[in-house]
Amino acid sequence: MFGRRRKRGRHSANRGTAQPDVEFDGVGEVDEDGPFDSTRAPDDGLNRLDLGSIRLPVPDGAQLQVEMDPAGAVRAVHLLTTVGQLTVSAFAAPKSDRLWPEVSGEMIAQFKNDGFRILRENGEWGEEIAARNNEVHLRVVGVDGPRWMLRGIAAAPTEEQSARATDALYELLRYTVVVRGEQAMPVRTPLPIELPEAIARHIQAQAQQQQG
């Protein structure tokens, strides 16, 4: 979807973190898998949507859906694709410990309470959550980075579409850049999302039309 990459080793010692394997192709090139911290983001020429704390390589044909909270701040940004909905969010995390194992356990408990059927599966960055009910198939992926955790969710209506949505989510996460910044934040705090000016104006105009 976004370009050439090297495949991550399934038994990498770094699996489950955003400290990717580095491979040499014999001619001196170094190829790394993301997601990337902004301090080591690749100069790959890929066009990414700058949302402040995350920079997303939006797939061709995807539509952006912005979820606002009552106070007017951006709660989440969803990408609506032909295979399903993709959502990527970043959170503040400890310097020296992984956050995803704890968060994933809590999400599994919540899914079970909501009547989902759960599978834990080993994926690109370690353990993932596959959850489904009669209406939706979900795939939740977590990646622990330096002082941040990135969570990706793929939602699709059928099992077949879920497999394709999961592949699309993997590809999206591989090329996402996280901008953590130096500000101290409590663990689990969502990193703030800032909309590009043109998108923010469009949303504001829509809200004014609805109110009028």
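The values are calculated or read from the model by the stated rules, or taken from the named source; none is laboratory data. As the structure is a prediction and not an experimental result, all values here were calculated from the model. Cβ placement follows ideal geometry from the backbone for every residue including glycine, while neighbour counts extend to all protein chains displayed. With ligands, DNA and RNA removed, areas are computed over all heavy atoms of the protein, side chains included. Shrake-Rupley method; radii C 1.70, N 1.55, O 1.52, S 1.80 Å.
Would you check if there is a residue in region 139-154 being open to solvent by 60 Å² or more (accessible area, probe 1.4 Å) and either more than 25 Å from V179 (Cα to Cα) or touching a residue at least 12 places away in the same chain (Cβ under 8 Å) (or both)?
The answer is no, given that none of the residues of region 139-154 is open to solvent by 60 Å² or more (accessible area, probe 1.4 Å) and either more than 25 Å from V179 (Cα to Cα) or touching a residue at least 12 places away in the same chain (Cβ under 8 Å) (or both).
Name the pairs: first residue in region 56-84 and acidic (D, E), second residue part of a strand (DSSP E or B), Cβ to Cβ under 8 Å, at least 6 apart or on different chains?
Short answer, once both residue conditions are applied: E67/V74; E67/R75; E67/A76; E67/V77; E67/H78; D69/R75.
Is it true that R164 is modelled with pLDDT of 95 or more, surrounded by fewer than 19 Cβ atoms within 10 Å (Cβ to Cβ) and out of contact with any Phe, Trp or Tyr (no Cβ under 9 Å at 6 or more places or on another chain)?
Judged against the criteria, R164 is a match.
Just name the residue that is nearest to M107 (Cα to Cα) out of those in region 117-138 that are of a type in the set (D, E, K, R) and open to solvent by less than 20 Å² (accessible area, probe 1.4 Å).
Out of the qualifying residues, it is E128.
Might you check whether a residue that is open to solvent by 40 Å² or more (accessible area, probe 1.4 Å), in a strand (DSSP E or B), in contact with a Lys or Arg (Cβ under 7 Å, 6 or more places away or on another chain) and on the phi < 0 side of the Ramachandran plot occurs anywhere in region 182-190?
no
Please state which one of I118, I129 is more than 22 Å from L80 (Cβ to Cβ) and of a type in the set (V, I, T).
I118
Scan region 62-76 for residues that are closer than 15 Å to Q206 by Cα, open to solvent by 50 Å² or more (accessible area, probe 1.4 Å) and modelled with pLDDT of 85 or more and jot them down.
Residues satisfying the conditions are L64, Q65, E67.
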